[in-house]
1. Of the listed pairs Lys120/Lys284; Lys255/Lys276; Lys32/Lys187, which have alpha-carbon separations greater than 24 Å here?
2. Rounded to the nearest 0.05, what FRET efficiency is calculated for Ala215 and Glu30 with R0 set to 35 Å and r the Cβ-Cβ distance?
3. In terms of solvent-accessible area of protein heavy atoms at a 1.4 angstrom probe, what is the ranking of Ile227, Ile172, highest value first?
4. Calculate, for the chain, the solvent-accessible area per residue in square angstrom, rolling a 1.4 angstrom probe over the heavy atoms of the protein chains.
5. Using a 1.4 Å probe over the heavy atoms of the protein chains, calculate the carbon and sulfur portion of the accessible area of the chain as a whole percent.
6. Would you kindly work out the equivalent ellipsoid of the range 4-89 from its C-alpha gyration tensor and give its semi-axes, the square roots of five times the eigenvalues, largest first in whole Å?
7. Ranked highest first by the average count of other Cβ atoms within 10 Å around their residues, in what order do 258-266, 216-224, 278-286, 176-184 fall?
8. Helix 175-191 versus the longest principal axis of the chain: what is the Cα-based angle in degrees, 0 to 90, to the nearest 10?
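The values are calculated or read from the model by the stated rules, or taken from the named source; none is laboratory data. If you're wondering where the values come from, they're calculated on a predicted model, not measured in any experiment. Cβ atoms come from the backbone with ideal geometry, glycine included; neighbour counts cover every protein chain shown. Heads up: the accessible areas ignore ligands, DNA and RNA and are worked out on the full protein's heavy atoms, side chains in. Shrake-Rupley method; radii C 1.70, N 1.55, O 1.52, S 1.80 Å.
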Amino acid sequence: MTKITIKETQNPTILKFEFEDFITQNQNFEFKNIDEAQASPLAQQLFYLPFVKTVYISGNFIAIERYSIVEWDDVKDAVAEQITAFVDKGGVIIKVDENKAKKQPITVYGETTPNPSALKFVVSRMLTRNAVEYKNIDQTASSPLAQELFKFPYVKEVFIDENYISVTKYEINDWQEITLELRTFIKQFIENGGTVLDESLIQTATKNDVTKDEAFDKLDVTSQQIINILEEYVKPAVAADGGNIAFDSYNEDDKTVKVILQGACSGCPSSTFTLKSGIENMLKSMLNDEAIKVEAVNA
């Protein structure tokens, strides 16, 4: 028997009916009336209820907006029973597009990071050669996946590099409450052909008519040495923890190296220790200069 969990939302007229498993394949649906709901036999049936105004279907839930002629406390259990009965009898929630490309099976698993607010989702295939960080949904033009992840209310930041996605959350949820939902969503999104990153948009957004090699060549020798050390010795270690440290600048006068913390490294309680005891000491030793200091511009 299908198990439905009823959950309130911030909008008192909208109630969520959650399933144990995902019911859509990386798609969101909004139906305003029975004619719009051709793709969902279940939504069509729900519209026969006189108080149903809008039906939303996404992820693992069906959300219903009601007219004010009733209160949810009076009808929510009956609605849950109707949805359960419909599904248990083999009713179709969403019609599957037969013309869609076949799934490309992948595995996705979660890894903890030193940052308690960030979790690393490792994918069984390469996603990108360019590390990209998104602080909000407005920055996600190059990543349809990140755009969808920001629709989860607890997602604060998204970082994508090589074969993993680091998600930083707000404090409103514990990881044990949301890890399965995120892991399943990422897996289904990629398996169904969703675009993780549009590399051409990344290059356009970061290029500014100067290639990485050209920018590197214009730097002083010490800056070049610092970048090489970060690339060879530091980045593999922080990538294992779901983050990245990018070179920002080097001031020859006060010997200050400025870096940008990304992914799980950003906002991590142990990042200061990593910068001072790890990276700073490494640079002092390898460049033979005890005056070098390392600071994060976004610490």
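1. In this structure, Lys120/Lys284; Lys32/Lys187 exceed 24 Å between Cα atoms.
2. Once rounded, the FRET efficiency stands at 0.20.
3. Order by accessible area, largest first: Ile172, Ile227.
4. Result: 54 Å² per residue.
5. C and S fraction of accessible area: 48 percent.
6. Taking √(5λ) for each eigenvalue gives 18, 15, 13 Å, largest first.
7. Descending packing order for the listed peptides: 258-266, 278-286, 176-184, 216-224.
8. Computed tilt is about 90 degrees.
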